[in-house]
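Please read the structure below before turning to the comments.
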Ligand SMILES: [Zn+2]
């Protein structure tokens, strides 16, 4: 049975029992200890946790269940969403559009197509597939921005995506504007030009169009957090709990993979992203792996530095108090850092995307909570862009900091699918070693400055150690060309073992 048909069957079952038209309820739950926080997170969708109070978005049924468990629950009354302005008609065709409005869904699609068509030397549009809602023709779209976009060059691939929670809209417009900015300023802005020349930048501005345009294709005012089902109703499935999890396996919350999740999993499988960011809203900080357990990633310091660099740039370029949320570390205690938190330190989740990309694909992904207000008033979109533009460009540039090279078959000169392990750093528990991209044989092991020893291995080839590779202060090692020779033992295994 295909993944899609499994999903359809489960949807039908869910639809039979769910009351489809009910609105999500935001509540506060008093949390007494870490065990209670973990139990709550496994049951419902936590959106924040501050000073012993968890914010949760749930269905009326879930609210009843929480109350029956004796939890101390209060409903959050929020003022009605105001300040949402939709873009005027023709906005998508403007040469210099103002970015103080939300595009309609057709304008979004038109803008994505237009960028690819107007900049054919720099930009390709990739249709990752349809969304769950069969009543709408919503597509998951990504732009690939790079010089020579049709050639798999020996360049790091970076992925930026936003608004998998459909009502967290600030990152959506920010990412669409980033795509516009990169192609528009190519050739005139040195930083942008260098990044586009040397990086394969993938941007998916809207990862959950069914959620964002829940109230119709011409408004985002009724956006919802979750995926919809095939009939366009709230599925109550949280997109950021729907991925395979390092700790709990393929379906950590018992839900099938949604089409949007499958599309992201397929993209991660087909590309070779070395660095990625997933933009959200509801807080202002950068959250780095792991989300699912308190164990630290071998690159914990690197993740912290990467996150702090984004937060610091955004604090400098944004209004006072922007992107400096401090979350008390819950795993091992200690002081909070304004604008940065380890995921599980804040509150643990299972099935999140950053753990999926980092654990199962050897990537490095962070979650960027870009605005405290989820459905951000349109006039503040400009502020978010100004605060984050430099941080985002620097983030993309980080894909060039570390050890880079290509792994080549010594006999044929062809690129190899190899594994690159940093000796005394990478661990099997974290699956932190990386692979080379078989298309061009290139690898990009992102690292802080220092001196490192590598072990490079590939099927049927002699393993090679490369000792004392320096990552200098400016961040980029000289490119290594690693030649691997064939091992006779693998070609004639019986010769080895007949004694
Ligand atoms: Zn979110």
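The values are calculated or read from the model by the stated rules, or taken from the named source; none is laboratory data. Treat the numbers as computed from the prediction; the structure is a model and nothing was measured. Cβ: placed from backbone, ideal geometry, glycine included. Neighbour counts: every protein chain shown.
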With respect to residue 272, determine if the residue is more than 16 Å from the ligand (Cβ to nearest atom), more than 15 Å from the chain's Cα centre (by Cα), in the same structural domain as residue 358 (by TED's automatic domain parsing) and buried (at least 20 other Cβ atoms within 10 Å of the Cβ). no
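Can you name every residue in segment 236-269 that is within 16 Å of the ligand (Cβ to nearest atom) and surrounded by 21 or more Cβ atoms within 10 Å (Cβ to Cβ)? Spell out how you get there, then give the answer.
Kept after step one, since they are within 16 Å of the ligand (Cβ to nearest atom), are these residues of segment 236-269: 236-243, 253, 258, 260-261, 264.
Listed by number, the residues that qualify are 236, 237, 238, 239, 240, 241, 242, 243, 258, 260, 261, 264.
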Report every pair of residues separated by at least 6 positions or lying on different chains whose Cβ atoms are under 7 Å apart, first residue within segment 361-381 and on the phi > 0 side of the Ramachandran plot, second outside any strand (DSSP E or B) and away from the ligand (no atom under 13 Å from the Cβ). 362/431; 362/433
If the requirement is being free of Cβ contacts under 8 Å to residues at least 60 places away in the same chain and assigned by TED's automatic domain parsing to the domain that holds residue 107, which of these qualifies: 232, 166, 211? 211
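If the requirement is being at pLDDT 95 or above and either within 28 Å of the chain's Cα centre (by Cα) or within 17 Å of residue 358 (Cα to Cα) (or both), which of these qualifies: 474, 448?
Details: 474 fails: at pLDDT 95 or above.
Answer to the check: 448.
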Could you run through segment 228-285 and say how many residues are out of contact with any helix residue (DSSP H, G or I) (no Cβ under 8 Å at 6 or more places or on another chain), under 21 Å from residue 171 (Cα atoms) and in a loop (DSSP other than H, G, I, E, B)? 3
When you look at residue 200, is it in the same structural domain as residue 311 (by TED's automatic domain parsing) and in contact with a strand residue (DSSP E or B) (Cβ under 9 Å, 6 or more places away or on another chain), yes or no? yes
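Go through segment 131-172 and count every residue that is within 16 Å of the ligand (Cβ to nearest atom) and within 16 Å of the chain's Cα centre (by Cα). Write out each step before concluding.
Our first condition is that a residue be within 16 Å of the ligand (Cβ to nearest atom); within segment 131-172, this holds for 160-172.
Okay, now just the ones that are also within 16 Å of the chain's Cα centre (by Cα), so 160-166, 168-172.
So the count comes out to 12.
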Can you say whether residue 350 is surrounded by fewer than 24 Cβ atoms within 10 Å (Cβ to Cβ), within 16 Å of the chain's Cα centre (by Cα), within 16 Å of the ligand (Cβ to nearest atom) and touching a residue at least 60 places away in the same chain (Cβ under 8 Å), as far as the supplied structure shows? yes
Based on this model, can you work out whether residue 129 counts as touching a helix residue (DSSP H, G or I) at 6+ places or on another chain (Cβ under 6 Å), modelled with pLDDT of 95 or more, part of a loop (DSSP other than H, G, I, E, B) and more than 30 Å from residue 478 (Cα to Cα)? no
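Return a yes/no flag: does segment 313-323 have any residue that is within 20 Å of residue 446 (Cβ to Cβ) and in contact (Cβ under 8 Å) with a residue 40 or more places away in the chain.
The first filter runs over segment 313-323 and keeps only residues within 20 Å of residue 446 (Cβ to Cβ), leaving 313.
The next check asks that each one be in contact (Cβ under 8 Å) with a residue 40 or more places away in the chain; those that pass are 313.
Checking segment 313-323: at least one residue is within 20 Å of residue 446 (Cβ to Cβ) and in contact (Cβ under 8 Å) with a residue 40 or more places away in the chain.
Take the residues of segment 100-126 that are part of a loop (DSSP other than H, G, I, E, B) and under 23 Å from the mean Cα position of the chain (by Cα): which is surrounded by the fewest Cβ atoms within 10 Å (Cβ to Cβ)?
Keep residues of segment 100-126 that are part of a loop (DSSP other than H, G, I, E, B), which gives 100-101, 103-104, 119-122.
Filter once more, so that each one left must be under 23 Å from the mean Cα position of the chain (by Cα): 103, 122.
On the way: 103: 24, 122: 22.
Selected residue: 122.
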Which number in (1) touching a helix residue (DSSP H, G or I) at 6+ places or on another chain (Cβ under 9 Å); (2) surrounded by fewer than 24 Cβ atoms within 10 Å (Cβ to Cβ); (3) assigned to a loop (DSSP other than H, G, I, E, B) marks the one condition that residue 215 misses? (1)
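Is it fair to say residue 316 is outside the structural domain of residue 425 (by TED's automatic domain parsing), more than 28 Å from residue 153 (Cα to Cα), within 16 Å of the ligand (Cβ to nearest atom) and at pLDDT 95 or above? Write out each step before concluding.
On the way: outside the structural domain of residue 425 (by TED's automatic domain parsing): yes; more than 28 Å from residue 153 (Cα to Cα): yes; within 16 Å of the ligand (Cβ to nearest atom): no; at pLDDT 95 or above: yes.
The answer is no for residue 316.
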